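The values are calculated or read from the model by the stated rules, or taken from the named source; none is laboratory data. In this text the structure is predicted, and so the values were computed from the model without any measurement. Counting neighbours? That spans all protein chains shown, and the Cβs are built from the backbone with ideal geometry, glycine included.
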Amino acid sequence: MISTIGAGTLLPSQVFSDVGLLSMKAIAIRTGQQRQKGPGKFHSITTVACDKCDAQYVISHKRKLRASPTIAAAQAEELKMLLAEDHQPKARREHPDLVEFD
Ligand SMILES: [Zn+2]
């Protein structure tokens, strides 16, 4: 994605500081809780439901790209695995209110 915004013209020092702007910042917010709210500028792309309980999350991207649905689908799979881990007997964690994707 970075290459499509002309990152090749950036000096190395600029690349570092611009990575935050150019990267695909994405979060998942658990629905039905008030502790965490999605930042206003994020775009809701898809929802994910836990297979084992009624927890639901909305995956949001900071920038809406043509690839956003594809990226969100992969993140949904990643999130489902995280949620399944929370239900493992040895983990027994509460699901988080907010998940940040790399
Ligand atoms: Zn669950």
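So how many residues does the range 58-81 have that are crowded, with 17+ Cβ neighbours inside 10 Å and either within 10 Å of the ligand (Cβ to nearest atom) or part of a helix (DSSP H, G or I) (or both)?
Qualifying residue count for the region: 6.
Kindly indicate whether Met24 is modelled with pLDDT under 90 and surrounded by 13 or more Cβ atoms within 10 Å (Cβ to Cβ).
When the stated conditions are applied, Met24 passes them.
So which residues in the range 29-57 are out of contact with any Lys or Arg (no Cβ under 9 Å at 6 or more places or on another chain), within 16 Å of the ligand (Cβ to nearest atom) and either β-branched (Val, Ile, Thr) or not in a loop (DSSP other than H, G, I, E, B) (or both)?
Arg30, Thr31, Thr47
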